[in-house]
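Here is the structure we will look at, set down as structure tokens.
The values are calculated or read from the model by the stated rules, or taken from the named source; none is laboratory data. Predicted model, so just to flag it, every value in this text is computed and none were measured. Virtual Cβ from ideal backbone geometry, glycine too; neighbours counted across all protein chains shown. What goes into the accessible areas is simple: the full protein's heavy atoms, side chains included, and nothing from ligands, DNA or RNA. Shrake-Rupley method; radii C 1.70, N 1.55, O 1.52, S 1.80 Å.
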Amino acid sequence: MIIMSVKPFSLKSFREYLSEGKIMASYCPSCKKVHLPPRPICPNCMGKTNKWRELKGEGIIKAYTTIHVPLTKMMSQSPYTVGVIEFDEGGRISGLITNARETDRDLIDLRVKAQIVKEGEEIKLCFKIIS
Amino acid sequence: MNLSRDVALIGAGMTRFHNKIHADKTSREIFLEATLEAINSVDKNFEFKDIEALFLGTFSGDSFENQAHMAALMADWLGINPKPAIRIEDACASSGVAISMGAMAIASGLYDIVMVGGVEKMTSLDTNKVTDTLAMAADNLFEVSAGFTFPGLYASIATAHFAKHGSRWDQLAAVSIKNHYNGSLNPKAHFQTSVLDVAKKMGESRGLTFKDEMEFLRSPLNPVVAYPLRLFDCCPISDGAAVVILAEAKKAKRFTDTPIFLKGLGQASDTMCLSNREDLTSLKGTKIAAQQAYKMAGVKPKDIDLAVVHDCFTIAEILATEDLGFFPKGEGGVAAEEGRTAINGDKPVNPDGGLKAKGHPVGATGAAMAYEMFKQLRGEAGKHQIADAEIGLSHNVGASGATVTVQIYGK
């Protein structure tokens, strides 16, 4: 689904959409590429005709790691798993994988579903393995 | 493209990289130590006042020492005022970029002699705070917010590389074993002990024996930092500085009969976020920067006698040896395992121990690579000398590959 550009391609808009439960990417009609985070200029063809595109929120893990020496702010959650997720419609983003704290299996290509998590003022995309 | 005027290295100095020996010094004192060694290394006729400008690569004195405006500070401390001093910050590639900036300043005709250096004093913070500071070089909004650390980014590259190319952790361990051995031959290295000797020492104090390096590296004494990377897959936190003196090629002859020439240079940028890269198992910036440098120098990967590459993590060395064209994509791990990148292999990589064993005071690393090139190509590298080295390549990466510089040096 392509939605007309009702909001500017800003990070503020991205967060506002997330708080409404929508994962919105920018879509370049000329080179058919989906980009996350959304941006006004297509980095692939330099086109300035980007549209908003809502993503269904499912995809696969392209790369991952389980972190044992964490960032200070993540200390209480350690060890935790983060990965690079590719959405079915295209577009990739990094996120916490919430149901794979310590794992012996290879997570590459496993299917995930996005979860929009609010932590105080912060809103972020996390992912749950569904396969 | 070529430089309008040729550029040569006429001197080089560096401190030992270490986490303890510089404890009582600040970055300005560490930098002065490297500078004095560089000045003293110039063969003849050189005076401190010959330096016309300072290009300083440094990452985050702001966070490590609450000190910004580092280039002016260093110029002041060295006593070279009012010569201009320029700070360059491109994460771990800061002083690799500074070398190119210094070379371009000479090529432009503005200066004939410049000093290029790098410094970082990291150990003033504890490991967790260092982890936070290093993560500032990644995308704060879309990587760090997700929980990524620096080891985490390279660990993800590793899991993607394993899946796509069938590489294995054992191959990463081979890089670590090699670089620790090389470090044992380098008096400037942070770690000067082979993995086998570390295993013996750590085992003895705990009543354990290990049949070989691999058994030790698989043990809990080598804990996971970010799966699949363990402690011995990661470079240490080190303090240190390195300095080189660049001169216009004709003027260089006044100071030495054996200058080392900068034959080619290249630099490229890539996406800040690892997630936005088409291929997660390759650094596009390395490929592009290398192509530029090879073209300018008129050489091919097979002509390189030795390389110092950015092995902040063991997987990074495997990527580099592939992306620089030394081995086909996916075969960097096999090459490491077969000993081809060893000091006596057919393509020696990181004979100085690399970031892994030599240490990685972030902003100093690019300049330390130039130091190694200067020593190796003049035949002054001591126990880790590569025999008859004529052409060398250095490769310095910022963060997970958003900045890459490649330089090629020759006699």
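A few points about this structure:
- Over chain B, relative contact order from alpha-carbon pairs under 8 Å, at least 6 apart, %: 27 percent
- Whole-percent carbon and sulfur share, accessible surface of the stretch A:2-55, 1.4 Å: 58 percent
- Structure-based [θ]222 nm, chain B - -39500 (n - 2.57) summed over DSSP H runs of at least 4, per residue, nearest 500: -11000 deg cm²/dmol
- Close amide H pairs (under 5 Å, H built 1.01 Å from N) link B:G264 with B:I408, residues at least 5 positions away or on another chain.
- Cut-off 14 Å between beta-carbons: net charge of the residues surrounding A:V34, Lys and Arg +1, Asp and Glu -1: +1
- Euclidean distance of C-alpha centroids, the stretch B:18-72 and the stretch A:6-32, integer Å: 46 Å
- Using a cutoff of 8 angstrom between alpha carbon atoms and counting only pairs six or more residues apart, the relative contact order for chain A works out to 21 percent.
- Taking only the C-alpha atoms of the protein assembly as shown, the Rg (one decimal) and the largest Cα-Cα distance, Dmax (whole number), read 23.4, 72 Å.
- √(5λ) per eigenvalue of the Cα gyration tensor, chain A, largest first, Å: 28, 17, 12
- Of all accessible heavy-atom area on chain B, the percent that carbon and sulfur account for (1.4 Å): 52 percent
- Potential lengthening between B:K49 and B:T258 on full extension [0.36 nm per residue; Cα-Cα distance subtracted]: 73.1 nm
- Cα-based shape type of the stretch A:58-129, given that a ≥ b ≥ c are square roots of the gyration tensor eigenvalues and the cut on a/c is 1.5: oblate
- If R0 is taken as 22 Å, the Cβ-Cβ distance between A:S19 and A:E54 corresponds to a FRET efficiency of 0.95.
- Shape category assigned to the stretch B:165-309 from the gyration tensor of Cα positions, a/c cut at 1.5: oblate
- Whole-Å distance, taken between Cα centres, linking the stretch B:76-119 and the stretch B:336-411: 21 Å
- One quarter of the surface of the convex hull around the alpha-carbon atoms of the stretch B:301-411 equals 6.3 nm², the direction-averaged projected area.
- The value of relative contact order for the stretch A:58-129, using C-alpha pairs under 8 Å at least six residues apart, is 32 percent.
- For the stretch A:70-117, heavy-atom accessible area (probe 1.4 Å) falls by no less than 20 Å² from the chain alone to the full protein assembly at A:P70, A:L71, A:T72, A:K73, A:M75, A:V82, A:V84, A:R92, A:I93, A:S94, A:I108.
- Rounded to the nearest 20 debye, the dipole size of chain B about its Cα centre is 460 debye, using +1 on the Cβ of Lys and Arg and -1 on the Cβ of Asp and Glu.
- The stretch A:58-129, dipole about Cα centre (Lys/Arg Cβ +1, Asp/Glu Cβ -1), debye to the nearest 20: 120 debye
- In terms of its C-alpha gyration tensor, the stretch B:1-120 has a prolate overall shape, because the principal axis ratio a/c (a ≥ b ≥ c, square roots of the eigenvalues) is not below 1.5 and a/b outweighs b/c.
- Between the listed residues A:S10, A:T49, A:A25, the Cα displaced farthest toward the positive end of the dipole of the stretch A:2-55, a dipole computed from Cβ unit charges relative to the Cα centre, is found at A:T49.
- Under the simplified labelling scheme, the A:C31-A:V6 pair shows an inter-label distance of 2.9 nm, with each label point 7 Å from Cα along Cα→Cβ.
- Solvent-accessible area lost on pairing B with A (1.4 Å probe, both sides summed) amounts to about 2500 Å².
- Over the C-alpha atoms of the stretch A:2-55, the Rg to Rh ratio, Rh being the Kirkwood estimate, stands at 0.94.
- Sequence of A:E122, B:E65, A:E20 from largest to smallest accessible area, 1.4 Å probe: A:E20, A:E122, B:E65
- log10 of Debye I(q)/I(0), alpha-carbon scatterers only, for chain B at 0.12, 0.13 Å⁻¹: -0.87, -1.04
- Shown is the FRET efficiency for B:K411 and A:K73, computed with R0 = 51 Å from the Cβ-Cβ distance and rounded to the nearest 0.05: 0.50.
- Taking label positions 7 Å along the Cα-Cβ direction at both B:L36 and B:D212, the computed distance is 4.6 nm, reported to one decimal.
- Using a Gaussian network model of chain B in which every pair of alpha carbons under 10 angstrom is joined by a spring, one finds that among B:M296, B:M202, B:M136 the greatest mean-square fluctuation is at B:M202.
- Accessible surface, per residue, of the protein assembly as shown when the full set of protein chains is kept, probe 1.4 Å, Å²: 39 Å²
- Potential extension, B:D170-B:M1 segment - 0.36 nm per residue separation minus Cα distance: 56.7 nm
- Angle of helix B:27-41 to the longest C-alpha principal axis of chain B, folded into 0 to 90 degrees and rounded to 10: 60°.
- Cα-centred dipole magnitude for the protein assembly as shown, charges only on beta-carbon of K, R (+1) and D, E (-1), debye, nearest 20: 1020 debye
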